[in-house]
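A quick write-up on the structure given underneath.
The values are calculated or read from the model by the stated rules, or taken from the named source; none is laboratory data. Small disclaimer: the values here were computed from a predicted structure and weren't measured. FYI the Cβ positions are ideal-geometry reconstructions off the backbone, even for glycines, and counts take in every protein chain you see. With ligands, DNA and RNA removed, areas are computed over all heavy atoms of the protein, side chains included. Shrake-Rupley method; radii C 1.70, N 1.55, O 1.52, S 1.80 Å.
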Amino acid sequence: MTSPQWSIAIHGGAGTMARERMSDEQQAEYRAALATALDAGSAVLAGGGSALDAVEAAIVLLEDDPRFNAGRGAVFTYEGVNELDASIMDGRDRLAGAATGVTTVKNPIRLARAVMEHSPHVFLSREGAETFAREQELEQAGPEWFATPERRRQLEELKARQTEGGGLGWFDADLKYGTVGAVALDQVGHLAAGTSTGGLTGKRWGRIGDSPIIGAGNYADDRSCAVSATGAGEVFIRVNVAAQICTRMHLLGESAQVAADHVIGEVGQLGGDGGVIVAAPDGSATFSFNTPGMYRGRADAGGLREVAIFADE
Ligand code: ASP
C-alpha cells in the first residue's frame, strides 16, 4: 500500500459535549465549520503547498469562527478581556514561534508564524508581542471583534458558581474548551503543527496554558510527528504532551496511535482531560482523547475526508 502524499487533521477543542445537549442544528453548524477549515487546509496540500501554509489556512478560519475558543469567540479572563495564545512549529528544522496574552491581533496564529519567521525569538508575550505584531503589519482587531455574548454569559456563570461556594479555584470543563489546532504532512514529506486558544474562562494572574508552549500544546519534527493538543492546560504542561508523543514515536518506534494513547493516558492519571491530533510521516492522521467528544476532522490525498464530534463516531 502506498502512503497518501499528504494528510491533515484539525481540532476545535475537546470536552464534555453530549448528543442530548446539542441540537441537530448546532451539530450541523459545527460539522460545517470543521469541514470548511479542513477543506481549506486540504486545498493547500493538494495544490502542492506547504504543511505550514495548510495549518495556518485551517486555523485562521477556526479563529474567525465565533463558535471556537480562539480569536473571535475566545473565552474571557476574570477581568473580562479576551487574551489569546498561539503557537506554530515547522517539522523541517524545528523552528517554532509562539505568542501569549495578546488582545489586539486578529489572527494569533499569524503572529506565531511571524515570530518564527521574522524574529530571532521563539516566544513573545503581551505588550511586546503586540508591538511586534504591529511592526509586522498584522491585521489588528478591537475588543468587539473577539467578544461574543455566549462567552460573556459563560464568564458570568463561572463567577456566580465561584461565589456560590466553588471558590476561585473552581472551573467547569463545560466553560473552558474550544481551543483549535491543525497538523499536516505535505507532498514533500514535511510536517507542521499549530494551536490557538483563548485559554480558560475566568483565567487570572496572566495564566498561560499549554497551547502556546512548544512541547506541551504543540510540536512538530519531521523525524516523528506533528501534534496539536487541547484540554486541561496545566496537566498538559506537566506531561509535556506534544513532545512526549513525538519522542515515543522517534525513540521507541511506537505508532502515532499507541504513543498518543499512552500520553493521553498519563494525562488522565494526573486528573487531566483533553486530546490530541497527530500527523505522521507515513501519512496517518490520528486522534486520541479521553473526553466524551472532540471537535475534529481529517483528510488525505487518498480521499479520506471526515469530521466528527462525539467519541463514539
Ligand atoms: N489547553 C487550553 C488551555 O489550557 C484549553 C483548551 O484546550 O480547552 O489554555
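Can you go through 34, 52, 38, 62 and tell me which one is crowded, with 23+ Cβ neighbours inside 10 Å and under 18 Å from residue 151 (Cβ atoms)?
From the options 34, 52, 38, 62, the qualifying one is 62.
Somewhere in the range 119-135, is a residue crowded, with 23+ Cβ neighbours inside 10 Å and in contact with a Lys or Arg (Cβ under 6 Å, 6 or more places away or on another chain)? Walk me through it before giving the result.
In the first step, residues of the range 119-135 are kept if they are crowded, with 23+ Cβ neighbours inside 10 Å; the result is 124, 129, 133.
Going one step further and asking which of them are in contact with a Lys or Arg (Cβ under 6 Å, 6 or more places away or on another chain), we end up with none.
No, because not a single residue in the range 119-135 is crowded, with 23+ Cβ neighbours inside 10 Å and in contact with a Lys or Arg (Cβ under 6 Å, 6 or more places away or on another chain).
May I ask you to say which residue of 56, 29, 79 is part of a loop (DSSP other than H, G, I, E, B), over 13 Å from residue 198 (Cβ atoms), more than 14 Å from the ligand (Cβ to nearest atom) and at pLDDT 95 or above?
Details: 56 fails: part of a loop (DSSP other than H, G, I, E, B); 29 fails: part of a loop (DSSP other than H, G, I, E, B).
Only one candidate qualifies: 79.
Working only within the range 112-144, note down all residues that are in a strand (DSSP E or B) and small (Gly, Ala, Ser). Don't jump to the end; show me each part of the working.
Residues of the range 112-144 in a strand (DSSP E or B): 123-125, 140.
Answer for the range 112-144, where residues must be in a strand (DSSP E or B) and small (Gly, Ala, Ser): just 125.
Evaluate the following for residue 307: is it touching a Phe, Trp or Tyr at 6+ places or on another chain (Cβ under 9 Å) and at pLDDT 95 or above? Write out each step before concluding.
Details: touching a Phe, Trp or Tyr at 6+ places or on another chain (Cβ under 9 Å): yes; at pLDDT 95 or above: yes.
Considered against the rule, which asks whether it is touching a Phe, Trp or Tyr at 6+ places or on another chain (Cβ under 9 Å) and at pLDDT 95 or above, residue 307 comes out as yes.
Every residue in the range 222-255 that is away from the ligand (no atom under 16 Å from the Cβ) and either touching a Leu at 6+ places or on another chain (Cβ under 6 Å) or open to solvent by 10 Å² or more (accessible area, probe 1.4 Å) (or both), please. Spell out the reasoning first.
Narrowing the range 222-255 to residues away from the ligand (no atom under 16 Å from the Cβ): 222-226, 246-255.
Result: 222, 223, 226, 247, 248, 249, 250, 251, 252, 253, 254, 255.
Do the conditions hold for residue 208, that is, is it under 23 Å from residue 98 (Cα atoms), open to solvent by 50 Å² or more (accessible area, probe 1.4 Å), in a loop (DSSP other than H, G, I, E, B) and within 14 Å of the ligand (Cβ to nearest atom)?
When the stated conditions are applied, residue 208 passes them.
So which of 38, 45, 34 ends up being under 28 Å from residue 209 (Cβ atoms), away from the ligand (no atom under 16 Å from the Cβ) and either of a type outside the set (Val, Ile, Thr) or assigned to a strand (DSSP E or B) (or both)? Can you show your working first?
On the way: 45 fails: under 28 Å from residue 209 (Cβ atoms); 34 fails: away from the ligand (no atom under 16 Å from the Cβ).
Going through 38, 45, 34 in turn, just one is under 28 Å from residue 209 (Cβ atoms), away from the ligand (no atom under 16 Å from the Cβ) and either of a type outside the set (Val, Ile, Thr) or assigned to a strand (DSSP E or B) (or both): 38.
What pairs can you find where one residue is in the range 217-234 and over 15 Å from residue 194 (Cα atoms) and aliphatic (A, V, I, L, M), the other is within 10 Å of the ligand (Cβ to nearest atom) and assigned to a strand (DSSP E or B), and their Cβ atoms are less than 6 Å apart, with a gap of 6+ or different chains?
Here the result reads 232/274, each pair linking the range 217-234 to a residue that is within 10 Å of the ligand (Cβ to nearest atom) and assigned to a strand (DSSP E or B).
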